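Scroll down for the structure; my scribbles are underneath it.
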Amino acid sequence: MADQPKVTVIGAGLMGHGIAQRFLAAGYPVNLVDPNLQVLEQAEQQISDIFTLLEQPYVKGDLLSLYTEIQPAVEGAKLVIEAGPEILDVKRDIFTQLARFSGPECILASNTSAIPISEIAKGISHPQRIVGAHFWNPPHLVRLVEVVQGDETSLSTIEQTIALLDSVGMKSVHVKRDIPGFIGNRLQHAMKREAIAMLEAGVCDAQTIDDVVKHGFGQRLAVLGPLEQSDLVGLDLTLRILTTIYPSLDTSATPQSTLVERVETGQLGMKTGGGFRQWTPEAADEVRNRVREHLVAKAKQTLTN
Ligand code: NAD
């Protein structure tokens, strides 16, 4: 594995350290960059903890190098993944440096959640090498990564990015248009819009909506996508159901007032004790533990298969 190409991860926060761990686990040398030395040191420990959690072998420090500056960290890198703050100006400043200091074959990827890749790449040299690589949190446990094609991203960049991500066990998908929310967040939030609308209309309470998803169609979502499911039940039935339901589905173009009012009155969810539902610290911890244990078990299952 010694001749794996070098990967640089910019930003060692929540996402950056998990992305770095993915590449380290596959034997890639990783340069991790963050202007905050304390964050870098913490990330080194967090990475080590992930190896322990997933029971993967790791020689601490063997492949991982830490940097506070971008220039020396991108020298000789084949792939750079930016996971800095979600602020356009900061990302553009980072990509200006990446375009300047990286080699001519280096792929420059952003893990932005919502900023269009074409906005980040605008006016920066080598836009054909700039691409989106949208990981999901936590990236060391969730395999999906959306590879987003900006207006000027070359197909060769897309293909190489997918090949590199697949080589570390990610499940890469190609998003052919640079649309807000890419694919996953559009689907997730389309469901959220309807959930909030039903709550607002008094169809049921928040827990009922969560129960319907968790104990109903959510049970099969991990193994059956929505279009696969449509084909399974038949498109004739799908057409009949959609013809009946579509006219009454929510089409709000802005977030509903029940959400806006909660935010304005400080009901922000588990961190304030109440949001759509009420939370004691213990109940909130129980949810966090439940999600973590589920994702760790799934990740371990994938690693052993
Ligand atoms: P974070 O705040 O935990 O980490 C960002 C890191 O960037 C910090 O450690 C900060 O010190 C560092 N940083 C600040 N300025 C920098 C600079 N000029 N150069 C390099 N590093 C710099 O944020 P995060 O949650 O890890 O998110 C990082 C990116 O990933 C964002 O674009 C975010 O939208 C995206 N993302 C986040 C999630 C999520 O669930 N948190 C999911 C998918 C994508």
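The values are calculated or read from the model by the stated rules, or taken from the named source; none is laboratory data. None of these values were measured; they are calculated from a predicted model. Don't worry about glycine lacking a Cβ; one is built from the backbone with ideal geometry, like all the others, and counts go over all protein chains shown. Just the protein is used for accessible areas: all its heavy atoms, side chains included, with ligands, DNA and RNA removed. Shrake-Rupley method; radii C 1.70, N 1.55, O 1.52, S 1.80 Å.
Is it true that Ile87 is within 20 Å of Ser154 (Cβ to Cβ) and of a type in the set (A, V, I, L, M, F, W, C)? Spell out how you get there, then give the answer.
On the way: within 20 Å of Ser154 (Cβ to Cβ): no; of a type in the set (A, V, I, L, M, F, W, C): yes.
It is false that Ile87 is within 20 Å of Ser154 (Cβ to Cβ) and of a type in the set (A, V, I, L, M, F, W, C).
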Quiz prompt | All positions within the stretch 27-55 that are open to solvent by 40 Å² or more (accessible area, probe 1.4 Å), touching a residue at least 24 places away in the same chain (Cβ under 8 Å) and more than 22 Å from Pro85 (Cβ to Cβ) | solution = Leu53, Glu55
Exercise. Search the stretch 31-72 for residues being more than 15 Å from Gly11 (Cα to Cα) and aromatic (Phe, Trp, Tyr), and hand back the single one that is nearest to the ligand (Cβ to nearest atom).
Key: Phe51
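Condition check ((1) under 23 Å from Leu187 (Cβ atoms); (2) loosely packed, with under 13 Cβ neighbours inside 10 Å) across all residues:
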| position | (1), (2) |
| --- | --- |
| Val213 | yes, no |
| Pro226 | yes, yes |
| Gln229 | yes, no |
| Leu235 | yes, yes |
| Thr238 | yes, no |
| Arg262 | no, no |
| Gln301 | no, yes |
Quiz item: Across the stretch 12-26, which residue is farthest from Trp136 (Cα to Cα) among those that are open to solvent by less than 10 Å² (accessible area, probe 1.4 Å) and within 8 Å of the ligand (Cβ to nearest atom)?
Solution: Ala12
Practice problem: Could you please tell me which pairs satisfy a Cβ distance under 9 Å, a separation of 6+ or placement on different chains, a first residue in the stretch 123-139 that is within 14 Å of the ligand (Cβ to nearest atom), and a second residue that is aromatic (Phe, Trp, Tyr) and open to solvent by less than 20 Å² (accessible area, probe 1.4 Å)? | Solution: Gly132/Phe182; His134/Phe182
Quiz item: Cβ-Cβ below 6 Å, separation at least six or inter-chain, first residue in the stretch 95-114 and within 16 Å of Ala12 (Cα to Cα) and open to solvent by 10 Å² or more (accessible area, probe 1.4 Å), second away from the ligand (no atom under 14 Å from the Cβ) and of a type in the set (Phe, Trp, Tyr): which pairs?
Solution: none
